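The values are calculated or read from the model by the stated rules, or taken from the named source; none is laboratory data. A quick note: this is a predicted structure, and the numbers were derived from the prediction, not measured. Backbone-built Cβ (ideal geometry, glycine too); neighbour counts: all protein chains shown. When the accessible area is computed, the model is the full protein with side chains, heavy atoms only, and any ligands, DNA or RNA have been set aside. Shrake-Rupley method; radii C 1.70, N 1.55, O 1.52, S 1.80 Å.
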Amino acid sequence: MKRKLLKLLILTMLASLVLSCGFTADAKEPYASYYLGDNGAYSIPAPYEVVTVIDFKTTEEGRLASPEDIFIDDNDVIYVADTANDRIVIINPMDENGNYTLKNIIKGDATYASGDMSGLKTPKGIYVDADGTILVADTGNNRLVEFTKYGYFKYSYAPPSSSILSSEFNYMPLKVTKDTRGYIYVANSSDSNGILMLDGDGTFRQYFGANKVSLTFWESVARLLWDREDRLGTVVTLPYSFNNIYASSDGYIYATTTTATPPQVRKINAGGSDVVYSGYDFRDMYISTSYGASTAQNFCDVSVDNLNNMLIVDQQYGRIYEYDQNGINLFAFSTNGTGYGQLSLPAGLEVDSQGRVYVLNKGSGTITVFQTTEFADQIHAANEMYARGKYQDAFPLWQTVLDRDSYYNLALKNMGTIHMREEEYKEAIEYFYEAEDAALASQAYKEIRAEFLRQNFPIIASVLVGVVVLWIVWISIKQARRRKYGPPPEKKNFLTPVKDFWGRIKNVLAHPIDSFEGIRYENKGSYADMIIIMVLWVIIAVASEYAVGFIYRGGTPREFIRPMQIILTALLPWLVVCTVNYGVTTIMYGEGRVRDVFIGGAYCHIPLVLFSLPLALLTNVLTNDEMSLYNLIHTLIYVWVGLLVYLCIKSIHGFHPVKAVIVTFITLVGVALVVLLFMIVYGLANQLFDFITQFGKELSYLV
Amino acid sequence: MSDKKEKKVKAAAVPETAEEKAARKLQRKFDKVDKKFSWRTVLKIVIPLLIVLIVVFVLVKAAFGNDKNIKFDTSSFSKSDAAPVDKTKGINGQLLSDAGMTIFADNGKLRLGYSPRDDLFIIQDLSTGRVFRSYPEPIYDGAVDENGNELASDLSLYRKSSETGQILTSPVFIEYTKSGLEGGFTKGINQMTELTKTVYFIDNGVQLVYDVGDLDLSFTVEITIEDNALVYKIPFNAIDERETLEWEEDDRRPFLCALSVLPYLGAHRDGETGYFVSPDGSGALTYFDVARVSNYNEYSKKIYGIDATFDVLDSPDYSNEKLTMGAYGIVDNEYMLTSFIDTGETNAELKIGNPGVRSLPFYSIYFEFTYRYFYRRQMNKGGVQYEMVIKHQQIGDAVQKTYFDSKPEFAAENEDDTAFTYVDVALKTRDLLLKKWETQWGVQKAVLTEGESPMNIRFFMGAETYSGGVLNQMKVMTTFSDVKSIGEELEESGVTDLRLTLVGWMNHGYYWNSTKKNSVDSDFGGKKGLKSLNSWARQKDLTLALDNNLLYIYGNPASGATLRTAVVKKPSTFYLDYYMNMTYGRLMRYGYYMSPKYFNNKLINKQIKNLKSYGATEVVLQQLGDTLYTDYNEKNALTRSQSQSMYVEWLKKYKENFEHVSVYYGNDYAVAFADTVDEIPMNKSSRIIFDEQVPFVQIVYHGYVEYYTSPINMQDRPDYALLKAIEYGANVSYEVTENEINLLMYTRYKFLYKGQFSLLKDEMVESYKAVTEAVKPFSTQFITNHYRLQAYTEVFCTEYSGGARVYVNYTDSDYTLPGGSVVKAMSYLVVNG
């Protein structure tokens, strides 16, 4: 009995064919879903699921052919520029059964060239006014054309003309849109001057939001060195043109450009300036495969949903990215492919009033319809509440998001920020630690520290004063005893070598020239000192890395500290500089011996040994606001080390101060050459190894 | 007088001057030098040169090897000769190649006829009289449909001179490469230019001997009838790739790559009723009357999943599931064809073509037997890749059987009339599979008598971060004592019938390097903790299973294993890297595939011994049920079919040592031995050739083996996944941890978005109640029927052999059954029969 139902099913399916093919929802979507966080890409439950594909496979009118643009009006009616079919296809909104049906088709009876004003030729852009007037970028006929909401020809715009437009101006409108003021914006093919901004009657007004020329480093150098005349005949670098535009209801123009490097997508205000995304690099560094596929993405369309989230689609990989109004990436999903729910050379993207995302597939001539999953709905709701300042309402929503996906950092950050607003800084900083956000943690810590100081100032001040007083008393007593009894007799015990060592260290800091000369001419330095200093330096270098506070580590977990790398970084400069210096001074009549150079070099590390760890520990009580102070101390330590190096070279080799400067400089050049040489040798060795491998593989097929 | 004496005499006669003496001495020296040069110098050059050459040869061989050097032991292949010709028939057993339709066999159930002239096979089901053709009947001029409308004739497609005609009438498709250095060409055998076909009578059928002159190749295809099945056989010994003088000079010779038999048997035109059934994932249907977006590429997929040695994935494959068995079905209301591979399934591919493929307006489905694979050869990483063919044949005999079941005219209007469905194909496949397991592996799979726990909790114990610092890299997510406390907490909530699986419990956690000795990581509680957990589980009457990675080497081979000895090699001389799916659209290399032979020789006994020492009674074995590959490592060379046989031997060994053995996904050879299948496929591939997903694999396995879903908390839609489990009669899985999930942020295990037990507990308790009611009671029964209740409505019914029906409603609104019962929205209803 039941098996007959299958037969009925088949018959029913045949009887009710519509534009779309329904989907059985799946527990897992056939594409990657993730978000781009500060430190990488993190997988998430699918934010969008495919509900249907509008594939036209059953319509008598035939399928879409290389369609290039899609527009959805306020009533969720879908308009498609069916480019290769020279027509506009209009589709009704989704009905209660989840199906889409054809509403209308606009296609002239004859060609525009033969006089039929309604004749379209490769239309690539479409926009529909609130009153239903359809504005088409009739690319092949080099014009904009308007149709009534019933699809009748209304008006054909003349190509823009103006003295501003150059004589080489070629009008080939690709995309068209209108802002809330009624200005028409046209993305013109290969026009590097910007978006054409026209008055409502089509009169040229100005170029809008022109892209800047992006030069490579060498091009910039060439510009500095040669003037325009000298550069005649070389390739002229022009700004990138636009390939899509979108006017949002709040008056911004969103545009995608033809470049794979920033600015790929722009949000432009009425004044033509970038907002939110200025300088933002939309490249997804995690999209390339392990086989080295190019990461060059082609962002071909942009749209904005009701919540002001921006969605962009990448034609190269079929990936859709959603950003909230603060420019934070919420999701990345979908992929190119031949499977259900996968995209095929997407050319356009729109969002309807229900938040459904429509992606126009140029390759297959279909429209893939996505709808949000519960996970995305939770994030949208939480983000919306947060943006509207309803923090108390947003908090539990973010908690729900976090319960569903523990990796969703935005939830942690926003929950922490909500605590901040409630002046619950200790709770806030815990969230920021978990989110590994150093900047926000710094803000919270600043408040915690201020609060601590406020509460404990009397104790802290008393302790400080007490310590100072005790210290003064101690010194006074010591001096008094010394005056009365003379210097204490020298007693030798197990601490004597340490005291001696400390004396030598102090001497280097207080009298560097005498100390370094003593190494050379009085045999004062020793290998033991050298080893002790360098071992101490290595230990302190490693310890300092671990001691740096969360904020000054940029939030990176301590597990990522690689001691071997630090040890190498600590020892290599000493070894290389000393070796090069000895070599240089040998031919420049320096008097220092190998022993003196290396021992002296080790002594130069004393400021680092003494101050690195305290500075690192200090970062635990500093916020980002004191970063400049930290940097200053850090720089001073290295300047001190540099000075010691100079004095070491001068004193050990017995150079005149000027000659010592020259030798120091030559030593640095020598170090740079050694590094360069190493890189060359390393590179060549790699090449050689690769060559031998290839040769061997070739041989293996012959022998 | 001799010359010497003469010289002496002359010398005595004429006194020598000082200059002459000096010149003579000098000459003598030169003579000496010349004399030395003549032999010593040659040796000085030749011997070192020889040594250098030998060293280079040895080094090159040792360092890179070459697929030509690989010696596969093909003794396990089934290799039979062509069947003897029945010389009592035809002209000395042979039929003229232009003969018309001739009856070759009739066994009372089927009648087999063949027309050499038209290359047409006719199979008649004698029980109903229904006739099946090896390619569809043409639409003749003037033909009309059932409504009297004239149909467009497609006779032109059948013209023998046309390409389409040659393809359509070809009983065999051949894939070959002409030089071994280029991709393969697949052609209908009738498209070959220098083709000789000889037709012989054999017992119960016909033998076609093809000689393809332009490829210097001959092979034999035998088509016979056996009971109600049509049997296609390609005897291995009858494949003759002649190595002529021309080819001997150069190894760039033609190679036979693949053969398919009767590819258009059961083919349908666009718009006809019926569908194909494929065991893709859980199972998938391809309707003939559903218009679809054009796709001129055939669906093509290896049985038992890809072979990583040959198939290169550039990015994670989100849209494909695997084929777990070598079977497919063709269903029309009045008949069904069930095709099943008897021999050679490890190297077979299922092909499904839709109208447009090869410029023909037909849906077609068939198996292709692969003799040689193509692979990408690349000299250096990042270099150009060339497609090349391997030199060794990978299978012996290939045998496929197609069963014919038909019934008299079906009328949808007749209430009592029932049509064939995919359920019938699945039930038929189950019978065939059981028979095959018995004959091939000696396994008599018994019907389950006792159901397992309806819920499996996978405890993720921990994984190491990839930071590489000196601090402890292990992120402990759950300890053995946590497992106990979670178990007890669930018990208090009424969740008592549980299976507990420990995942990543070994040293270094989840990404344990399988070449190292497996010991219990002390971070989780050590060996003592595990033993104590085991005894606790026994005391609570809970099943405790240990998950084991057998063949993935995370990192580099260790503990004496080397790349050379332990890692799978590709024919391109590279070692086979293991790539992890990083879920954000990228593959990440992390280690290697292990040579099955290495595991067999060095590790399996140690692993079993260790597992037993921990008190393990149930083991979950990774890779055996879902991963099959060829090994071109000179030391461990193994074909795909030999890997399969090796897996089977391991499964037997594990079965001998443990009470309960589980595998993943459910390739049929592994299910033959396994007590449980974990992560059984619950989806079909997301391919446009498939229109509907069905529980084909579940119908085949249900009642014989217990199966669990993938952790449903790891699905995009957990609510949907739970309902799917109920619909498909699957026990559910959850993957949980005690600690917060974001501890795993810097490990490679980033798939678990929601896994902390405290967050999942309520959901798990609810799911447990659901599966205890709707899955557990039927686990020892068979699924007898499965159907959608109404077109376009996501409400399904699964019927069990005990008479119960389980309805599942995926929609947002309640669904009222004919009897008035209501299946609530996003819920289920159990109706006991």
Search result, residues across the stretch B:685-705 that are out of contact with any strand residue (DSSP E or B) (no Cβ under 8 Å at 6 or more places or on another chain) and more than 8 Å from chain A (Cβ to nearest Cβ) = B:Val697, B:Val700, B:Tyr704
request  = Please verify whether the stretch B:141-158 includes one or more residues that are of a type in the set (Val, Ile, Thr) and either under 21 Å from B:Tyr335 (Cα atoms) or part of a helix (DSSP H, G or I) (or both).
outcome  = no
query = Only one residue in A:Val669, A:Val674 is away from chain B (no Cβ under 14 Å), under 23 Å from A:Ile587 (Cβ atoms) and surrounded by fewer than 13 Cβ atoms within 10 Å (Cβ to Cβ). Which one?
reply = A:Val669
query = So which residues in the stretch A:551-572 are open to solvent by 70 Å² or more (accessible area, probe 1.4 Å), over 30 Å from A:Tyr445 (Cα atoms) and in contact with a helix residue (DSSP H, G or I) (Cβ under 8 Å, 6 or more places away or on another chain), if there are any at all?
reply = A:Thr569
Subset of the stretch A:513-546 [of a type in the set (A, V, I, L, M) and surrounded by 14 or more Cβ atoms within 10 Å (Cβ to Cβ)] = A:Ile519, A:Met530, A:Ile532, A:Ile533, A:Met534, A:Leu536, A:Val538, A:Ile539, A:Ile540, A:Ala541, A:Val542, A:Ala543
request  = Please give the number of the condition B:Gly555 fails out of (1) farther than 30 Å from B:Asp675 by Cβ; (2) in contact (Cβ under 8 Å) with a residue 60 or more places away in the chain; (3) over 18 Å from the mean Cα position of the chain (by Cα).
outcome  = (2)
ask   = Residues of the stretch A:51-76 being open to solvent by 10 Å² or more (accessible area, probe 1.4 Å), part of a strand (DSSP E or B), at pLDDT below 90 and more than 9 Å from every other protein chain (Cβ to nearest Cβ), which ones?
value = A:Val51
query = Can we say B:Tyr708 is open to solvent by 10 Å² or more (accessible area, probe 1.4 Å), more than 9 Å from chain A (Cβ to nearest Cβ) and either farther than 23 Å from B:Tyr363 by Cα or in contact with a Cys (Cβ under 6 Å, 6 or more places away or on another chain) (or both)?
reply = no
message = Looking at the stretch A:283-294, can you tell me whether even one residue there is within 24 Å of A:Ala381 (Cβ to Cβ) and out of contact with any Leu (no Cβ under 9 Å at 6 or more places or on another chain)?
response = no
task = Return the only residue of B:Ala561, B:Ala537 being out of contact with any Cys (no Cβ under 9 Å at 6 or more places or on another chain), crowded, with 21+ Cβ neighbours inside 10 Å and under 17 Å from B:Lys612 (Cα atoms).
result = B:Ala537
request  = Scan the stretch B:109-140 residue by residue and report those that are within 18 Å of B:Leu337 (Cα to Cα) and in a loop (DSSP other than H, G, I, E, B).
outcome  = B:Lys109, B:Leu126, B:Ser127, B:Thr128, B:Gly129, B:Arg130, B:Ser134, B:Tyr135, B:Pro136, B:Glu137
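Could you list, in sequence order, the residues of the stretch A:344-385 that are within 21 Å of A:Trp398 (Cα to Cα) and away from chain B (no Cβ under 14 Å)?
Within the stretch A:344-385, A:Gly355, A:His380, A:Ala381, A:Ala382, A:Asn383, A:Glu384, A:Met385 qualify.
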ask   = Inside the stretch A:369-391, can you point out the residues that are touching a residue at least 60 places away in the same chain (Cβ under 8 Å), in contact with a Ser or Thr (Cβ under 8 Å, 6 or more places away or on another chain) and not aliphatic (A, V, I, L, M)?
value = A:Phe370, A:His380
Condition check for B:Leu752: part of a strand (DSSP E or B), at pLDDT below 95 and open to solvent by less than 60 Å² (accessible area, probe 1.4 Å) = no
remark   = When the stretch A:387-409 is checked residue by residue, the ones that are within 14 Å of chain B (Cβ to nearest Cβ) and outside any helix (DSSP H, G or I) are A:Asp405, A:Ser406, A:Tyr407, A:Tyr408
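Regarding B:Ile680, is this residue more than 9 Å from chain A (Cβ to nearest Cβ), open to solvent by less than 30 Å² (accessible area, probe 1.4 Å), more than 29 Å from B:Lys754 (Cβ to Cβ) and among the β-branched types (Val, Ile, Thr)?
no
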request  = Could you tell me whether A:Thr83 is farther than 15 Å from A:Val357 by Cα and open to solvent by less than 50 Å² (accessible area, probe 1.4 Å)?
outcome  = yes
ask   = Of all residues in the stretch B:400-420 being at pLDDT 95 or above and open to solvent by less than 20 Å² (accessible area, probe 1.4 Å), which is nearest to the other protein chains (Cβ to nearest Cβ)?
value = B:Phe404
task = Quick one: which residue in B:Lys776, B:Lys761 is of a type in the set (Lys, Arg), touching a residue at least 40 places away in the same chain (Cβ under 8 Å) and within 14 Å of another protein chain (Cβ to nearest Cβ)?
result = B:Lys761
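Can you find a residue in the stretch A:497-512 that is within 18 Å of A:Asp596 (Cβ to Cβ) and open to solvent by 80 Å² or more (accessible area, probe 1.4 Å)?
Going through the stretch A:497-512, the residues within 18 Å of A:Asp596 (Cβ to Cβ) turn out to be A:504-505, A:507-508, A:511-512.
This time we only want the ones that are open to solvent by 80 Å² or more (accessible area, probe 1.4 Å), so: A:504, A:511.
Scanning the stretch A:497-512, I find at least one residue that is within 18 Å of A:Asp596 (Cβ to Cβ) and open to solvent by 80 Å² or more (accessible area, probe 1.4 Å), so the answer is yes.
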ask   = With respect to the numbered conditions (1) in a loop (DSSP other than H, G, I, E, B); (2) assigned by TED's automatic domain parsing to the domain that holds B:Gln607, which one is the sole condition not fulfilled by B:Lys531?
value = (1)
ask   = Which residue, of B:Leu126, B:Leu110, is open to solvent by less than 20 Å² (accessible area, probe 1.4 Å) and under 17 Å from B:Asn228 (Cβ atoms)?
value = B:Leu110
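Do the conditions hold for B:Gly525, that is, is it within 23 Å of B:Tyr734 (Cα to Cα), buried (at least 21 other Cβ atoms within 10 Å of the Cβ) and of a type outside the set (Ser, Thr, Tyr)?
When the stated conditions are applied, B:Gly525 passes them.
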message = What are the pairs with Cβ atoms under 9 angstrom where one residue, in the stretch A:157-174, is at pLDDT 90 or above and the other, located anywhere, is open to solvent by 90 Å² or more (accessible area, probe 1.4 Å)? Sequence gap at least six, or different chains.
response = A:Tyr157/A:Asp201; A:Pro160/A:Arg205; A:Asn170/A:Ser190; A:Met172/A:Ser190
query = Just a yes or no: is a residue in the stretch B:272-280 farther than 16 Å from B:Thr338 by Cα and either outside any loop (DSSP other than H, G, I, E, B) or among the small types (Gly, Ala, Ser) (or both)?
reply = no
key: Filter result (in a loop (DSSP other than H, G, I, E, B) and modelled with pLDDT of 95 or more) within the stretch B:631-665   = B:Phe658, B:Tyr665
query = With respect to the numbered conditions (1) closer than 26 Å to B:Met745 by Cβ; (2) crowded, with 22+ Cβ neighbours inside 10 Å; (3) away from chain A (no Cβ under 14 Å), which one is the sole condition not fulfilled by B:Met477?
reply = (3)
query = Of the conditions (1) within 14 Å of chain A (Cβ to nearest Cβ); (2) assigned to a strand (DSSP E or B), B:Gly585 fails just one. Which one is it?
reply = (2)
